[in-house]
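> This is the structure I have questions about; it appears just below.
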Amino acid sequence: MKHIKWVFATSLVILAGFLFYHCGSTTTGPCQVDADCENGVCLDGGCVECRETVDCGSGFVCVDNGCVETTIECQTDSCNQHGSCDDTSGAVVCTCDTGYAGDSCDHCATGFGDYGDGECRPLDPCADDSDCVAQQRVCENNQGVAGCGACLAGYHEDNSVCVEDQECGDNTCNGHGTCTASGGVVSCECDEHYIGDNCSDCEEGWVFWPEDSTICVDDPCDPDPCDLAHTEPEGCSQTDVDQYICDCEQGYSWDGEACIDQSACEDVDEDGYGVGGGCLGADCDDNDPDIFNGNPEVCDGKDNDCDDGTDTGLTAPDCAEGDTGVCLGATAARTCLGEAGWSNCDYGNDYEADEVSCDGLDNDCDDATDTGLTAPDCAGGDTGVCLGATASRTCQGVAGWSDCDYGNDYESDEVSCDGMDNDCDGDTDDDMTTRVCEWEVPGVGTCMGNESCDGQNGWVNCDAQEPTAEICDGQDNNCNGEDDEDFTADGSVTYDGGPYPAGDADKVLGDDCGTGSCAGGQVICDGPGTGLTCSTLDNVASELCDEQDNDCDGLIDVDDTFAEHPDEPNDNCVSATNLANLQTPVSGWLVPQTPTIYPGLDADYYSLYVLESTDDPFDCIPIVCEERFRLTITLTRPPDGQDFELCASGSACGSQTCTAGVRELTWSGTCGGDDDRMVYFSVRSPSSESFDCHDYELQIDSEAWLVGEMCPGAR
């Protein structure tokens, strides 16, 4: 701080000069109101003779804030070149031009203003504009002159004209392209073979077909396919999507490929049908006499009538009604088999032209059942229970053929565990290693097990268990058909909640559980099977100050041990952190710490010595000026900055007052005096129950100013 010392004599000289300057008011002296001027009026803080002519006496007019003598006759500049002058009444009267006002038309009328060139033009020239509206343009104020600018919303520029914006419609591109709109202009990207602004034309070589449609097809007449012998020039005519006919010369006719002589007949298969006017008709296959246009269709696998269909429109020959066996009462049908002709009459699935089935039916409708049959062979036994046996089979009617009889121990499909090869396949007790067995009660849960085949000893070693009390192990221990029923919603055992009883208590097997680091768990059986636990409890860890719930208790950064944290040396006035000196003014200065508030009514105390700036000697004369100071402290806590209290005092550490986020300290001094100040502030947890470990930020802003009308720069 720089202290100013002044010699008393020097001060008297300067003060005397100031008083002479201030008290000697003239027409040119400083002023605040007209009364401060002896011979004039006050204008812009200084005394002048006049502001307008009314301030002057009779016979004088106000020119450049001075009263000058005048006559009653109009002069060249009587109306400041902005009106017409009339002195016929014995006085000078000005009729001002539009936009000007005043006795001598010396200022702008209401609604008009000077744009810097001395001319008065409308402040809002667009108020009565109609030209820009008609042009669909924005009216702009160009130095008091209305000008038309950009197109209005909903319009766009097109050859210097504003036209209404367009939008894509359902049929903008005629269904044959993709429409896009940009800047109010629509455009079509046409599909292949379509052209035009709206995709309404076909590209060269493609035509609309049918002619009145919008579908483009490859033009079968482009290039001209009728440049053939005996055709008329440009005689191609489209008849379908990809078909055409050619106009022939007189005496010739079009056969689909060429113009042929109407008097000749080209007939390879000599059926009278072929190409030429002398033929009976057209022939679609001149290499087969059974095929020509108009020939009746028969069942032979050919298109006899040239209608592009094989064996179509035929009527099957009749089948006589059956009168015995499986044919009794049946009406058979025949189907066309192409080159094989008509099928035999079908009397159903059981019909056999030659009876071979042993089924108790007269399959061949000869009025005799299961006759003329040959029994399937039975191989002589050579292994297992079949060893040395000779068996035969008999027809048993509906039951079919009897099994080959190899004795009582024979089984066509082996099912007995007896140490024998019952099905004579060379293997004993085929695939019978184990089977399901059960306790005396119905076989469910742990009361069901497995037993093994022990050859001649049969089935042995059933491991089904006797019913026991139900435990939590994923099994039906009491064999009542339900697994772990005591630990589900209808049971008697629930989860105690573990480290998070507030959220997980009373949950049952299969419920979601866990929070914090244990989130995403599921209630499962505990180790002994007598209770429940949460599957993610292995994630429980000691709580850290890291914005995570490490110990899974539902509280983030909460732990009794945080009160003894090693970063806590400044929790009272005695151990306050001294931030040294801060020179005023300053803006946005951050306290160079990364502090944290912990539980247990924690607080962080700070002290700061605020230095005022060096006073300029000329700021402190001609009178002694008051100097004021303001220090603003701002507390910021990302992301929730209202949980801590900010306290401060400009006098003593123990007399701080608190607020939520911003604290101001103010004090006064004198210009040239020693106004440095020690200030104290602290950040506190508002209660022992409300805390977390977020870092907070303290920002300091300070300013100083002079007070008093006569002090330079005062406010």
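> Pick from the stretch 34-69 the residues that are under 16 Å from SER104 (Cα atoms), of a type in the set (A, V, I, L, M, F, W, C) and not in a strand (DSSP E or B): which of them is least open to solvent (accessible area, probe 1.4 Å)?
By that ranking, first place goes to CYS50.
> Same structure, new question: Tell me the residue from GLU440, GLU414, GLU485, GLU470 that is farther than 23 Å from GLY529 by Cβ and open to solvent by less than 40 Å² (accessible area, probe 1.4 Å), please.
Just a single option satisfies the conditions, and that option is GLU414.
> So which residues in the stretch 457-482 are more than 19 Å from SER416 (Cα to Cα), touching a Phe, Trp or Tyr at 6+ places or on another chain (Cβ under 9 Å), of a type in the set (A, V, I, L, M, F, W, C) and without any contact (Cβ under 8 Å) to a residue 40 or more places away in the chain?
The answer is ALA464, and nothing else.
> Go through the stretch 214-313 and tell me which strands (runs of 3 or more DSSP E), entirely inside it, have 1 or more residues that are of a type in the set (A, V, I, L, M) and touching an Asp or Glu at 6+ places or on another chain (Cβ under 8 Å).
Values: elements: 216-218, 231-240, 243-248, 252-254, 259-261.
Because the criterion is at least 1 residues that are of a type in the set (A, V, I, L, M) and touching an Asp or Glu at 6+ places or on another chain (Cβ under 8 Å), the strands (runs of 3 or more DSSP E) in the stretch 214-313 that meet it are 216-218, 259-261.
> Also: Applying the selection to the stretch 139-157, what residues are touching a residue at least 12 places away in the same chain (Cβ under 8 Å) and either farther than 25 Å from THR98 by Cβ or of a type in the set (D, E, K, R) (or both)?
GLU140, ALA150, CYS151, LEU152, GLY154, TYR155, HIS156
> Free of Cβ contacts under 8 Å to residues at least 40 places away in the same chain, of a type outside the set (Ser, Thr, Tyr) and open to solvent by less than 40 Å² (accessible area, probe 1.4 Å): is that true of ASN581 in this structure?
Criteria not met by ASN581.
> Would you please name the residue that is farthest from the chain's Cα centre (by Cα), looking only at residues in the stretch 333-355 that are within 26 Å of ASP290 (Cβ to Cβ) and of a type in the set (Ser, Thr, Tyr)?
So, considering only residues that are within 26 Å of ASP290 (Cβ to Cβ) and of a type in the set (Ser, Thr, Tyr), the one farthest from the chain's Cα centre (by Cα) is SER343.
> Quick check, is ASN304 over 30 Å from ASP288 (Cβ atoms) and either surrounded by 18 or more Cβ atoms within 10 Å (Cβ to Cβ) or at pLDDT 85 or above (or both)?
Numbers: over 30 Å from ASP288 (Cβ atoms): no; either surrounded by 18 or more Cβ atoms within 10 Å (Cβ to Cβ) or at pLDDT 85 or above (or both): yes.
When the stated conditions are applied, ASN304 does not pass them.
> Residues in the stretch 344-359: is at least one among the β-branched types (Val, Ile, Thr) and either at positive phi or without any contact (Cβ under 8 Å) to a residue 12 or more places away in the chain (or both)?
no
> Pull up the stretch 272-301, narrow it to residues that are more than 24 Å from SER253 (Cα to Cα) and of a type in the set (A, V, I, L, M, F, W, C), then point me to the one that is most open to solvent (accessible area, probe 1.4 Å).
This residue is VAL298.
> Give the stretch 612-641 a look and list any residue that's open to solvent by 40 Å² or more (accessible area, probe 1.4 Å), modelled with pLDDT of 85 or more and touching an Asp or Glu at 6+ places or on another chain (Cβ under 8 Å), or say none.
Listed by number, the list holds a single entry, ARG630.
> Can I ask one more? Hey, can you tell me all the residues within the stretch 512-523 that are buried (at least 18 other Cβ atoms within 10 Å of the Cβ) and either under 24 Å from ASP484 (Cβ atoms) or modelled with pLDDT under 90 (or both)?
CYS513, GLY514, CYS518, GLY521, VAL523 - these are the residues of the stretch 512-523 that are buried (at least 18 other Cβ atoms within 10 Å of the Cβ) and either under 24 Å from ASP484 (Cβ atoms) or modelled with pLDDT under 90 (or both).
> In this structure, does GLY90 turn out to be at pLDDT below 85 and either open to solvent by less than 60 Å² (accessible area, probe 1.4 Å) or not β-branched (Val, Ile, Thr) (or both)? Let's see the steps before the verdict.
Details: at pLDDT below 85: yes; either open to solvent by less than 60 Å² (accessible area, probe 1.4 Å) or not β-branched (Val, Ile, Thr) (or both): yes.
So GLY90 passes the test.
> Can you tell me which residue within the stretch 314-347, out of those that are part of a loop (DSSP other than H, G, I, E, B) and touching a Leu at 6+ places or on another chain (Cβ under 7 Å), is surrounded by the most Cβ atoms within 10 Å (Cβ to Cβ)?
Filtering the stretch 314-347 down to residues part of a loop (DSSP other than H, G, I, E, B) leaves 314-324, 328-332, 334-335, 337, 341, 343-345, 347.
Within this subset, residues satisfying the condition of being touching a Leu at 6+ places or on another chain (Cβ under 7 Å) are 322, 343.
Details: GLY322: 18, SER343: 15.
Once the filter is applied, the top-ranked residue is GLY322.
> Also, I was wondering about something else. Go through the stretch 178-195 residue by residue and tally those that are in contact with a strand residue (DSSP E or B) (Cβ under 7 Å, 6 or more places away or on another chain), of a type outside the set (Asp, Glu) and either over 21 Å from VAL241 (Cβ atoms) or open to solvent by 80 Å² or more (accessible area, probe 1.4 Å) (or both).
Summing the residues that are in contact with a strand residue (DSSP E or B) (Cβ under 7 Å, 6 or more places away or on another chain), of a type outside the set (Asp, Glu) and either over 21 Å from VAL241 (Cβ atoms) or open to solvent by 80 Å² or more (accessible area, probe 1.4 Å) (or both) in the stretch 178-195 gives 9.
> Whether any residue in the stretch 672-690 is out of contact with any helix residue (DSSP H, G or I) (no Cβ under 8 Å at 6 or more places or on another chain), surrounded by fewer than 17 Cβ atoms within 10 Å (Cβ to Cβ), at pLDDT 75 or above and within 30 Å of LEU544 (Cβ to Cβ) is what I want to check.
no
> Can you work out which of the residues in the stretch 446-467 that are crowded, with 17+ Cβ neighbours inside 10 Å and not in a loop (DSSP other than H, G, I, E, B) is modelled with the highest pLDDT? Write out each step before concluding.
Let us first name the residues in the stretch 446-467 that are crowded, with 17+ Cβ neighbours inside 10 Å, namely 446-448, 451, 453, 464, 467.
This time we only want the ones that are not in a loop (DSSP other than H, G, I, E, B), so: 446-448, 451, 453.
Details: THR446: 78, CYS447: 84, MET448: 85, GLU451: 87, CYS453: 90.
For the stretch 446-467, the residue satisfying everything is CYS453.
> Can you pull out the residues in the stretch 568-581 that are farther than 13 Å from CYS653 by Cα, at pLDDT below 90 and not in a loop (DSSP other than H, G, I, E, B)?
LEU579, ALA580
> Out of (1) farther than 30 Å from SER452 by Cβ; (2) open to solvent by less than 80 Å² (accessible area, probe 1.4 Å); (3) of a type in the set (A, V, I, L, M), the odd one out for VAL356 is which?
(2)
> Right, here's the next one. Those residues that are in a loop (DSSP other than H, G, I, E, B) and either within 14 Å of ASN422 (Cα to Cα) or open to solvent by 80 Å² or more (accessible area, probe 1.4 Å) (or both), I need them from the stretch 389-407; list them, please.
ALA389, THR390, SER392, GLN396, ASP403, CYS404, ASP405, TYR406, GLY407
> Let me ask another. Need pairs with beta-carbon distance below 7 Å; first residue under 22 Å from MET420 (Cα atoms) and within the stretch 443-456, second open to solvent by less than 50 Å² (accessible area, probe 1.4 Å) and modelled with pLDDT under 85; sequence gap 6+ or separate chains.
What qualifies is CYS453/ASP429; CYS453/MET432; GLY455/ASP429.
> So, in the stretch 122-147, exactly how many residues are open to solvent by less than 50 Å² (accessible area, probe 1.4 Å), within 29 Å of HIS107 (Cα to Cα) and either assigned to a strand (DSSP E or B) or touching an Asp or Glu at 6+ places or on another chain (Cβ under 7 Å) (or both)?
Residues flagged as open to solvent by less than 50 Å² (accessible area, probe 1.4 Å), within 29 Å of HIS107 (Cα to Cα) and either assigned to a strand (DSSP E or B) or touching an Asp or Glu at 6+ places or on another chain (Cβ under 7 Å) (or both) within the stretch 122-147 amount to 4.
> Would you call ASP222 more than 30 Å from THR180 (Cβ to Cβ), within 54 Å of the chain's Cα centre (by Cα) and open to solvent by 30 Å² or more (accessible area, probe 1.4 Å)?
So ASP222 passes the test.
The values are calculated or read from the model by the stated rules, or taken from the named source; none is laboratory data. Keep in mind that what you see is a predicted model, and the values were worked out from it rather than measured. Neighbour counts are summed over all protein chains in view; Cβ atoms, including those assigned to glycine, are modelled from backbone coordinates with ideal geometry. Areas reflect the complete protein model, heavy atoms only, side chains present, ligands, DNA and RNA absent. Shrake-Rupley method; radii C 1.70, N 1.55, O 1.52, S 1.80 Å.
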